[in-house]
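What follows is a short report on a single structure.
The values are calculated or read from the model by the stated rules, or taken from the named source; none is laboratory data. Predicted model only: the values in this text are computed from it and were never measured. Cβ atoms come from the backbone with ideal geometry, glycine included; neighbour counts cover every protein chain shown.
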Amino acid sequence: LSERNSFVIYPNPTTGKFTVIFAGKDSHEVKIISGMGNIIEQKQSTGEFMEFDLSGFTKGIYVVQAFDNGTHRLISKKLIIQ
């Protein structure tokens, strides 16, 4: 992972279960946002990866936002639930 792509989502697309993997060791605040703009999940990372299970949510496109508490950078990526 490069600094520019400080996290990846695997697998993407997903059926609901996925992992967010971070490049750095800083803590991150991660938000999952629906297509309507609602925050459906929000967690603080405690390591280099976080696991999520959105199996009960509607299929579609979501946004995963990660705020790096060390660099104060916010990066957003698309997540597709099939």
Single residue of region 38-59 satisfying the filter (among the small types (Gly, Ala, Ser) and out of contact with any strand residue (DSSP E or B) (no Cβ under 6 Å at 6 or more places or on another chain)) that is modelled with the lowest pLDDT = GLY47
Reported set for region 57-77 where residues are in a strand (DSSP E or B) and either among the β-branched types (Val, Ile, Thr) or without any contact (Cβ under 8 Å) to a residue 60 or more places away in the chain (or both) is GLY60, ILE61, TYR62, VAL63, VAL64, GLN65, PHE67, LEU74, ILE75, SER76
How many residues does region 6-23 contain that are touching an Asp or Glu at 6+ places or on another chain (Cβ under 7 Å) and β-branched (Val, Ile, Thr)?
-> 2
Out of region 22-35, which residues are at pLDDT below 95 and closer than 17 Å to ILE80 by Cβ?
-> GLY35
Just one of ILE9, ILE61 is hydrophobic (A, V, I, L, M, F, W, C) and loosely packed, with under 13 Cβ neighbours inside 10 Å; which is it?
-> ILE61
Pick from region 13-56, criterion touching a residue at least 60 places away in the same chain (Cβ under 8 Å) and buried (at least 16 other Cβ atoms within 10 Å of the Cβ), ranking: farthest from the chain's Cα centre (by Cα) | THR14
